[in-house]
Amino acid sequence: MMNIFVSGGAGYVGSHCVRRLVAGGHRVTVYDNLCAGHRESVPEGVAFVCADLADRDQLSKTLGEGFDAVMHFAAFLDVGESVKAPLKYYQNNVSNTIGLLETMRDCDVKRMVFSSTCATYGIPAEVPITEQQNQAPINPYGHTKLAMEWALADCAKAWGLGSCALRYFNAAGAAKDGSIGEDHDPEIHLIPVVLQVALEQRQHVSIFGKDYPTPDGTCVRDYIHVEDLADAHLLAIENIHPGVFDAFNVGTGIGTSVRQLIEAAREVTGHEIPATDAPRRLGDPPTLLADPTKIKSQLGWRPKYTDISAILETAWEWHRKHPTGYTR
Ligand code: UDP
């Protein structure tokens with residue numbers, strides 16, 4: 001049993017991981033400022049501190065209670081916004097993470113699982129992407145995440161931090177029981193947008209670019225179910241070695257194009273889901289596909305969801321049960 005501090009534990013990926021940690025027998029404290037997270041997503045019985053990472057007094061007080069490990073989800077994640085407001089991203093994703101690392105060092109907490117991203121690879125030279133590929137992000141969001149991977153690697157050597165960066169591909173789906181799921185405001189991600197069309201909250205979905213060098217001309221992504229992502233976090237935190245930084249891709253290795261995804265959603269929801277063509281979105285690589293060999297062989301991770309329809313069914317269950325999200 002570990003006592004685990006979870007920053008951003010009320011967010012989409014964080015909340016699913018908190019459940020997995022609790023089910024795995026760990027004690028969890030969620031630290032979240034609720035700027036994007038939802039209090040209702042934190043299970044009863046889990047300690048909750050509503051505070052900002054920039055509040056160093058509160059952070060020291062909480063971390064000082066004695067933790068074995070930190071899972072760090074709290075970050076901004078809108079690529080487009082990061083282009084327009086880079087310093088907002090450096091402030092939160094970099095400065096606040098440095099503050100968290102300093103506080104960990106001061107409180108002698110030497111294990112961290114860090115939410116990284118396939119956006120650190122930029123436009124990949126080859127797909128599927130292995131961890132050895134060159135990391136050359138093409139937007140501020142990716143820069144902030146890569147900068148923190150470097151910091152983690154440097155802290156491993158300097159003061160023995162053991163950490164693991166999980167480079168998420170496209171997190172998708174919801175808890176199987178439909179009780180927690182994705183709720184961003186504004187919603188920008190493809191799956192929730194498509195399902196909002198099925199709920200008739202939007203008239204259509206825009207397909208951002210249909211002239212990409214992919215089989216059907218639309219972008220290909222690797223959708224990874226959020227509960228499989230949670231399994232990866234549990235394995236990662238239980239296999240961290242002091243003084244070692246390691247990084248793993250977390251994706252299925254299976255690609256789904258925007259068109260294929262919309263088609264699958266039509267079948268799952270029984271709704272026609274009108275789609276219109278729109279210009280490319282700035283900074284979208286044509287294909288992002290994980291090579292998950294490393295996490296499978298080193299941590300024994302296996303995704304339970306490899307079928308996009310099965311992933312969509314869980315998301316659909318959540319959106320149908322919670323058409324306006326948590327409380328709105
Ligand atoms: N996308 C789209 N229409 C939308 C939202 C997204 O065509 O309304 C495309 C987007 O260009 C990308 C893919 O769907 O190729 C997945 O986008 P999302 O924002 O879900 O995740 P990302 O890959 O940016 O992390």
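Kindly provide the set of residues from region 53-62 that are free of Cβ contacts under 8 Å to residues at least 24 places away in the same chain and either assigned to a loop (DSSP other than H, G, I, E, B) or in contact with a Pro (Cβ under 8 Å, 6 or more places away or on another chain) (or both), ordered by number.
Filtering region 53-62 for residues free of Cβ contacts under 8 Å to residues at least 24 places away in the same chain gives 55, 57-58, 61.
Result: 55, single match.
Return yes or no: is residue 45 surrounded by fewer than 21 Cβ atoms within 10 Å (Cβ to Cβ) and either within 20 Å of the chain's Cα centre (by Cα) or in a loop (DSSP other than H, G, I, E, B) (or both)? Yes, satisfied.
Residue by residue, here is whether (1) modelled with pLDDT of 95 or more; (2) closer than 17 Å to residue 250 by Cβ; (3) touching a Leu at 6+ places or on another chain (Cβ under 7 Å); (4) not in a loop (DSSP other than H, G, I, E, B) holds:
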| position | (1), (2), (3), (4) |
| --- | --- |
| 295 | yes, yes, no, yes |
| 303 | yes, yes, no, no |
| 306 | yes, yes, no, no |
| 309 | yes, no, no, yes |
| 313 | yes, no, no, yes |
| 318 | yes, no, no, yes |
| 323 | no, no, yes, no |
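Quick one: how many residues across region 233-243 are among the small types (Gly, Ala, Ser) and part of a helix (DSSP H, G or I)?
Qualifying residue count for the region: 1.
Among the conditions (1) in contact (Cβ under 8 Å) with a residue 40 or more places away in the chain; (2) in contact with a strand residue (DSSP E or B) (Cβ under 8 Å, 6 or more places away or on another chain); (3) not hydrophobic (A, V, I, L, M, F, W, C); (4) not in a helix (DSSP H, G or I), the only one that residue 65 does not satisfy is (1).
Given the structure, is residue 173 at positive phi and either β-branched (Val, Ile, Thr) or surrounded by 23 or more Cβ atoms within 10 Å (Cβ to Cβ) (or both)? Yes.
Look at (1) closer than 26 Å to residue 249 by Cβ; (2) within 12 Å of the ligand (Cβ to nearest atom); (3) crowded, with 19+ Cβ neighbours inside 10 Å and you find that residue 180 fails only one, number (2).
The residues of region 85-123 that are hydroxyl-bearing (Ser, Thr, Tyr), over 12 Å from residue 143 (Cβ atoms) and surrounded by fewer than 23 Cβ atoms within 10 Å (Cβ to Cβ), listed by number, are 95, 103. Taking the numbered list (1) near the ligand (Cβ under 9 Å from one of its atoms); (2) of a type in the set (Gly, Ala, Ser); (3) at pLDDT 95 or above; (4) on the phi > 0 side of the Ramachandran plot in turn, residue 278 passes all entries but (4). Tell me, yes or no, whether region 226-241 has at least one residue that is surrounded by fewer than 16 Cβ atoms within 10 Å (Cβ to Cβ) and more than 22 Å from the chain's Cα centre (by Cα). Yes, that holds for at least one residue. Among residues of region 191-205 being more than 10 Å from the ligand (Cβ to nearest atom) and either part of a loop (DSSP other than H, G, I, E, B) or touching a Gly at 6+ places or on another chain (Cβ under 7 Å) (or both), the one that is nearest to residue 264 (Cα to Cα) is 199. Identify, please: which residue in region 208-232 is in a helix (DSSP H, G or I) and not β-branched (Val, Ile, Thr) and is, among those, nearest to the ligand (Cβ to nearest atom)? Among them, the one singled out is 229.
The values are calculated or read from the model by the stated rules, or taken from the named source; none is laboratory data. All figures in this text were calculated on a predicted structure; none of them were measured in a lab. Cβ coordinates were reconstructed from backbone atoms using ideal geometry, including for glycine residues, and neighbour counts include every protein chain displayed.
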